Amino acid sequence: MRMRIGFLGLGTMGAPLAKNLRKAGFTVTVWNRTAARAAPLLEKGAATAPTPRECAAGKDLVFTCLTDENALDAVLDGPDGALAGLATGGLLVDSSTAGTRAARSVRERVEARGAQFVAAPLIGSRHAAEKAQLVVVAGGPAEARERARPALHAISARLFELEDPVHAALMKLVVNSIGGAMVTAFGEALALGASGGLALTQMIDTLQASGFHSPIYLMKGEQLLQRDLVPRFQLALAEKDQRLAQEAAAEQGARVPLNETVRALLRQAIDAGHGEEDLCSVAELFFAWAKVKR
């Protein structure tokens, strides 16, 4: 019998994930706060449920992919929440980036229902999600990871496994903290060069020929050259991830001064109107400060 999956959250990442699960042959029932977003999935043979509880009821695996910890709690809790529909012995897999505290809290709530929990945060862009080329970090007990593995392979190119869901959530914050710092530093440096008369193409080409080259600089550089700020990864979400990293650091007694600086800069970019644009639009903040015409 094909695995029956309930999928909650059809946003930038969730929609392509649900599509790839359906493409892989799983029986998929979806729920989204804005019901109209389910229409493309219904055309692919998915079913829809009116509430998170009904989406989760009777499923072998319940998938959540939501914006943050508040959205996750709103979908899980309450009489119509997914936890109310999660069966004893069921499995909840959460791919939201909601932080370590949320991973710990959700694990406790799921286990209190006699079910299993795997945190499986996603590393990659919308494009990678569409192509099932994501990197997924799955954290949870061995039996739960084994049950989740077929579905996780259907959405990813690489799967890393850890014993603890909190560690999986922390790993995602580690990666995104680095990514946020890289893109912010990239934008600042481009504005520095442009203020002195260097062309963006010259700087990007030279950087890519150096020991500091990176695929993300090439991709984000092309977006800036084309003035293409359509979000692959929304700047506001990047700021949220920096916040979650700071919260994790506070819990663990670590210091993250660079993270704090990056988050402050992303906050200023949000205040300047770039929050719903791609993360690379943080460069526009530096261009404006340097009075570089774009």
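Would you mind stating whether Phe233 is within 26 Å of Leu170 (Cα to Cα), modelled with pLDDT under 95 and not hydroxyl-bearing (Ser, Thr, Tyr)?
For Phe233, the condition - within 26 Å of Leu170 (Cα to Cα), modelled with pLDDT under 95 and not hydroxyl-bearing (Ser, Thr, Tyr) - is met.
I'd like the residue in the stretch 43-81 that is out of contact with any strand residue (DSSP E or B) (no Cβ under 6 Å at 6 or more places or on another chain) and of a type in the set (A, V, I, L, M, F, W, C) and, out of all such residues, is farthest from Ala238 (Cα to Cα).
Across the stretch 43-81, the extreme among qualifying residues is Ala57.
If you go through the stretch 176-206, how many residues are of a type in the set (Val, Ile, Thr) and crowded, with 18+ Cβ neighbours inside 10 Å?
Residues in the stretch 176-206 being of a type in the set (Val, Ile, Thr) and crowded, with 18+ Cβ neighbours inside 10 Å: 3 in total.
Does any residue in the stretch 116-127 that is on the phi > 0 side of the Ramachandran plot come within less than 6 Å, Cβ to Cβ, of a residue that is crowded, with 20+ Cβ neighbours inside 10 Å and not in a helix (DSSP H, G or I) six or more places away or on a different chain, and which pairs are these?
These pairs meet every condition: Gly124/Leu134.
The values are calculated or read from the model by the stated rules, or taken from the named source; none is laboratory data. Here the structure is a predicted model, which means the values were calculated and not measured. Cβ: placed from backbone, ideal geometry, glycine included. Neighbour counts: every protein chain shown.
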